[in-house]
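Here's the structure, in structure tokens; my notes come after.
The values are calculated or read from the model by the stated rules, or taken from the named source; none is laboratory data. No experiment lies behind these values; they were computed from the predicted model shown. We place every Cβ from the backbone using ideal geometry, glycine too, and count neighbours over all the protein chains shown.
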Amino acid sequence: MKAAVYEGIEKLVVKDVPAPICTEENIVIRVRACAICGTDLRTFHHGKVNVKPPQIIGHEISGEVAETGSKVTGFKKGDRLAVAAIVSCGSCYYCRKGLPNLCAKFKALGYELPGGFAEYLAVPKEMLYDGSVNKLPDNVTFDEAAIVEPFACAINGQELSRVSRGDVVVIVGAGPIGLMHISIARAKNAGKVILAEMSEQRLEMAKTFCPDICINPGKENMVKRVMDETEQRGADVVIVAAPSGKAQEEALKYIAFRGRINFFGGLPKDKSFVSLDANIIHYREAFINGTSGSLPRHNMETLKLFSFGEPAGVNAKKFITHRYPLDRILEGIKTVESGIGLKVVINP
């Protein structure tokens with residue numbers, strides 16, 4: 001089969017490799033779509049400690065069952081599936097607590113295990129019965145299903161931040177993840193959604209997702225604007241969906257009493273320390289949390305939102321702006337880096 005193999009920094013080669021083997025307890029899928037994630041770009045340019053070359057990367061995956069093991073139940077050839085990324089052990093302390101995204105023996109497709117930038121993928125037995133592999137509703141396409149994984153992460157972030165009806169939600173960053181947060185906040189009936197982004201191009205693209213207010217912090221005072229838009233109360237929820245320590249620090253200045261701040265975007269390792277005013281946290285009874293991955297049920301919730309469509313759910317089609325065949329994956333990477341689109345999908 002053909003696959004895009006990461007062979008080292010800035011070396012991603014499409015070549016023939018052995019097809020995965022179907023054991024008696026796993027399934028093999030024909031990959032129909034795999035979206036490019038920002039993590040794939042960072043791996044390509046800088047490497048990643050848990051991606052040992054040569055490795056097939058890609059973890060935002062959908063496909064159809066090509067073969068099932070003799071002991072597998074619940075799946076048959078031709079089933080259309082969305083496949084999550086995390087492969088948890090099911091037995092460690094955090095798995096037993098229902099938090100497999102924090103598994104002590106954490107592995108993931110496209111990282112420790114072969115991923116989705118390939119014609120075929122072996123889905124480990126550990127994933128088959130914990131909600132990590134889900135059949136697609138009839139009205140959800142393979143391309144749409146490929147973005148279930150990042151959407152599930154965003155749902156986890158909003159759940160941890162307790163976004164609810166009537167909340168004023170500030171989202172910092174108008175990349176694909178930030179726009180996903182807008183759509184989810186809308187589905188949760190947030191009262192007002194405020195988007196902050198330094199790029200005018202990104203702000204223009206974001207208009208189709210209908211934020212109530214758009215702010216460019218490079219051109220106006222972010223804190224003053226949010227306070228003015230909330231009758232000086234501040235935001236109920238702030239989701240920092242950008243790798244900006246400054247944005248994380250500034251979020252405290254416009255958070256409401258009992259407000260929740262989510263550090264969704266990770267920071268560069270050499271710039272991961274920020275200064276936070278502990279008195280604001282203390283006197284405003286504010287909460288700060290992070291988000292790392294998602295739970296299997298978040299994937300199922302995402303598919304329901306996609307199936308419902310707007311206004312009750314999400315229009316997933318709006319997020320997919322470019323598609324490339326596997327042998328043009330490097331063009332896809334350049335498209336993501338250019339910022340001219342949102343989600344770029346590879347169709348092997």
Residue pairs within 9 Å by beta carbon, gap of at least six or interchain, first lying in segment 317-328 and more than 14 Å from Ala33 (Cα to Cα) and at pLDDT below 95, second surrounded by fewer than 17 Cβ atoms within 10 Å (Cβ to Cβ) and of a type in the set (Phe, Trp, Tyr), listed first then second, are none
Lys105 meets each of (1) outside any helix (DSSP H, G or I); (2) in contact (Cβ under 8 Å) with a residue 40 or more places away in the chain; (3) within 17 Å of Ser292 (Cα to Cα) with one exception, condition (2)
Expected single match for in a loop (DSSP other than H, G, I, E, B) and more than 26 Å from the chain's Cα centre (by Cα) among Lys224, Lys219, Lys253 is Lys219
Tyr324 meets each of (1) part of a helix (DSSP H, G or I); (2) in contact with an Asp or Glu (Cβ under 8 Å, 6 or more places away or on another chain); (3) not basic (Lys, Arg) with one exception, condition (1)
Within segment 231-250, the count of residues that are surrounded by fewer than 24 Cβ atoms within 10 Å (Cβ to Cβ) and either under 24 Å from Ser199 (Cβ atoms) or within 23 Å of the chain's Cα centre (by Cα) (or both) comes to 9
Is one or more of the residues making up segment 196-204 closer than 13 Å to Asp236 by Cβ and modelled with pLDDT of 95 or more? no
Picking from Gly116, Gly131, the residue that is part of a loop (DSSP other than H, G, I, E, B), touching a Gly at 6+ places or on another chain (Cβ under 6 Å) and outside the structural domain of Gly265 (by TED's automatic domain parsing) would be Gly116
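Scan Gly332, Gly341 and give me the residue that is in the same structural domain as Val31 (by TED's automatic domain parsing), under 19 Å from the mean Cα position of the chain (by Cα) and either at pLDDT below 95 or part of a loop (DSSP other than H, G, I, E, B) (or both).
Being in the same structural domain as Val31 (by TED's automatic domain parsing), under 19 Å from the mean Cα position of the chain (by Cα) and either at pLDDT below 95 or part of a loop (DSSP other than H, G, I, E, B) (or both) holds for just one of Gly332, Gly341, which is Gly341.
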Residues of segment 1-27 being surrounded by 12 or more Cβ atoms within 10 Å (Cβ to Cβ) and under 21 Å from Val65 (Cβ atoms), in sequence order, are Met1, Lys2, Ala3, Val17, Ala19, Pro20, Cys22, Thr23, Glu25, Asn26, Ile27
The one condition Glu126 fails out of (1) surrounded by 24 or more Cβ atoms within 10 Å (Cβ to Cβ); (2) touching a strand residue (DSSP E or B) at 6+ places or on another chain (Cβ under 6 Å); (3) not aliphatic (A, V, I, L, M) is (1)
Picked from segment 292-348 (must be hydroxyl-bearing (Ser, Thr, Tyr) and surrounded by fewer than 21 Cβ atoms within 10 Å (Cβ to Cβ)), the residue farthest from Cys89 (Cα to Cα) is Ser338
Checked segment 262-280 for anything touching a helix residue (DSSP H, G or I) at 6+ places or on another chain (Cβ under 7 Å) and either part of a helix (DSSP H, G or I) or more than 17 Å from Arg42 (Cβ to Cβ) (or both); matches are Asn262, Phe263, Lys271, Val274, Ser275, Leu276, Asp277, Ile280
Within segment 134-165, the residues that are part of a loop (DSSP other than H, G, I, E, B) and either touching a residue at least 60 places away in the same chain (Cβ under 8 Å) or in contact with a helix residue (DSSP H, G or I) (Cβ under 9 Å, 6 or more places away or on another chain) (or both) are Leu136, Pro137, Asp138, Asn139, Val140, Thr141, Ala146, Ile147, Ser161, Arg162, Val163
Among residues of segment 71-102 being outside any loop (DSSP other than H, G, I, E, B) and not hydrophobic (A, V, I, L, M, F, W, C), the residue farthest from Gly131 (Cα to Cα) is Tyr93
